[in-house]
1. What whole-number volume per residue, in cubic angstrom, does the convex hull of the C-alpha atoms of segment B:250-382 give?
2. How large is ³J(HN,Hα), in whole Hz, for each residue of segment A:115-130 in order, when computed from phi with the Karplus curve 6.51 cos²θ - 1.76 cosθ + 1.60 and θ = phi - 60°, using x for Gly and Pro?
3. How big is the shadow of the Cα convex hull of segment B:9-120, averaged over all directions, in nm²?
4. With a point put 7 Å past each Cα toward its Cβ, work out how far B:ASN380 is from B:ASP59 in nm, to one decimal.
5. So what does log10 I(q)/I(0) come out to for segment A:142-298 at q = 0.11, 0.13 Å⁻¹, using the Debye formula with one equal point on every Cα and no solvent?
6. What gaps in nm, shortest first, separate B:SER40 from its twins in the other copies when you place the label 7 Å past Cα toward the beta carbon?
7. Using a 10 Å cut-off on Cβ atoms, rank the peptides A:117-127, B:186-196, A:191-201 from the highest mean neighbour count down.
8. Amide H neighbours of B:GLU105 under 5 Å, at least 5 residues apart or on other chains, H built in the peptide plane: list them.
Number of protein chains: 2
Amino acid sequence: MLKFSAMEERVKARGIKVYHLNIGQPDVKTPQIFYDTVRSFSAPVLEYVSSNGMPVLLDAVRGYYGKIGAELGRDDILVTAGGSEAFQLILACLLDDGDEIIIPEPYYPNYATSVALAGAKIVPIPTSPSEGYAYADKERIEKCITEKTKAMFLTSPGNPTGNVLSENELKLILDVVKEHELFLICDEVYREFVYSDEPLLSALQFKGYEDNVIVIDSVSKRFSACGARIGMVISRNEKFMEQALKWCQCRLCVATIDQIAAAALYTLPDGYFDAVKEEYKKRRDTMYRKLTEIPGIKCTLPAGAFYFMVTLPVDDADCLQNFLLNEFDDNGDTVLFACGEPFYGTPGKGKNEVRLAYTICCEDIERSVDILKKGIEAYNNK
Amino acid sequence: MLKFSAMEERVKARGIKVYHLNIGQPDVKTPQIFYDTVRSFSAPVLEYVSSNGMPVLLDAVRGYYGKIGAELGRDDILVTAGGSEAFQLILACLLDDGDEIIIPEPYYPNYATSVALAGAKIVPIPTSPSEGYAYADKERIEKCITEKTKAMFLTSPGNPTGNVLSENELKLILDVVKEHELFLICDEVYREFVYSDEPLLSALQFKGYEDNVIVIDSVSKRFSACGARIGMVISRNEKFMEQALKWCQCRLCVATIDQIAAAALYTLPDGYFDAVKEEYKKRRDTMYRKLTEIPGIKCTLPAGAFYFMVTLPVDDADCLQNFLLNEFDDNGDTVLFACGEPFYGTPGKGKNEVRLAYTICCEDIERSVDILKKGIEAYNNK
């Protein structure tokens, strides 16, 4: 996703405006209470804090999960430097060289780097847009399980697909992993970004799977606080948490002020997220309406998160992106997206796909999809 | 080092005061400019920043190194979540399963955990207090090199020994690693804590070793800002830095506000550290004077950092610590140290050694070494 960054600088230098559909950086204001808490911090010495996380934040997280029906102890939570460190830590604890982890594809490309670093291998579960990227199918999952499989990993709501697991689907997956004695790692950082009226769903709410479930959570997307780098690993598997704590002790602790300010975010009223969700839903609908105006495009209305995975009527999304940055503009504007290939483990897949993030305002979404439409036309008529 | 933490809580609950000689948490006030910068941060959205580090901090670090004669480009620096992440990252990039890394022992125990996580093995260079823990000897280092050796790692000024490499010693080590085509990883986070008038020394100042040298640095000790979790990896080896950047991209970025506030620390006047150093020198001398009052003790006056590695006239430091916490007090006071064994890779070594940190005021140092003296007497007369 960073491949076109250097190129973008040159494009900007030519006076071209670039619309960003490539990154999941919310534009929603970070709540004032975060900054107020940062400003009121006044310990004379900015000391190391405990490796597992500060009690104030652990308890804030417990309160949040208590409200959605998942009772947690302090020992069930480890604070990490964002969801990314959580993922890194989990893999380091679970996977040895040659081990396998099952992940529905398309998936967030950084996962692949972390799995490679752990010396392990991703076994992708293929999904398709025509099925809404669904993958909760016993047979389909079991086909991927070998004696080297240690875990299954899923993101729900999904990045990049927007697929949201239903309660029954999640239950089915939990039963499969339990039967095969695997871990289920659930990245739930987009939990609030669901555009129906379903209650908030977490794998932690299901009883009987305590030893299997590991949840990744984060304040980044939920509270528009990506730069705080506050995430967490949550599990009731004591043996796993013991290992994970050792990993945490090894890197001492997570930044003090960010932890305290993150804790304050959890005191926001329950209604805080309603307006945010309303806005994202409007953006999603706007983008869907505009995308369907592009002839030959294939996409599904995502149920959650803030991305569209889109099949474009072009031979190669990478070449299109190159063209859009270097040979094209529409009244001085062009557009940047995330190319689809890195989201796939299966070679050759995703070549004509892109991920579009609707983290910009509706007006900019309309404009940027218009640019994309014109760009595709120009590219195909080259 | 965390082994006695739970025990300590119970001891405190009994009304016993515990003096802490066990942790390297400076008690020096965090400079006001750090907090002023934190408070003036006001971006409406706390966004992700670049994976390699924010330009304001990269340039601050470049300015600092420029003053000690090491010119750096922005691409030579990667900002990390403290020195610990820097170490983690370096090992992940350099070591594969079965590889070896040479480290003079005793060494900081967390290094061993990180090396184990990388699937590699520490080959310790034995040192002795009677030689001031010196290890810059060609033959001694070469004896540790095998075909599996990828790097040598050193901390200067040393934790826990206080050993400070001279310019000639560092040059000798650089020549050995260059000859054998190894990396030299230098943890220089205690660079300012040297109690002679030698100019600041960094492996980055030597020309001709650009491909071998990787430096770990941090604001934690230097500016008493441990809880900011701001460290860095510095190297001019382009291939290594390319790999290291990928690792950084995988965990997105380091906390924004802490990076900006850390940058401000580098604007402190050159004289800032003089008073800090003066205070630590006084503490070191106080501790040395008091320690030599304990019959049968063996220790060397450390040249730098803020620790003493001490051989105690007891059979087992672990047992002594247990005794001091559970069966002993002097007028309601007792003392906590770091047991020596985890600082060694060679089995059986360090059993009667402890690491004492002089990060508390002189008065408390006097009192705690008195307690230690009485505790040892009571323990040996049990």
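1. So the per-residue Cα hull volume is 179 Å³.
2. Values per residue, Gly and Pro as x: 5, 4, 4, 7, x, 9, 10, 7, 9, x, 8, x, 10, 9, x, 5 Hz.
3. If you wrap the Cα atoms of segment B:9-120 in a convex hull and average its projections, you get 12.4 nm².
4. 6.0 nm
5. At q = 0.11, 0.13 Å⁻¹ the computed log10 ratios are -0.57, -0.78.
6. In ascending order, 2.3 nm.
7. B:186-196, A:117-127, A:191-201
8. Correct list: B:ILE125, B:THR127.
Laboratory data are not the source of any read-out in this text; all were calculated from the coordinates shown. The structure displayed is predicted, hence computed values, not measured ones. Because the Cβ atoms are built from the backbone with ideal geometry, glycine has one as well, and the counts that use them run over all protein chains shown.
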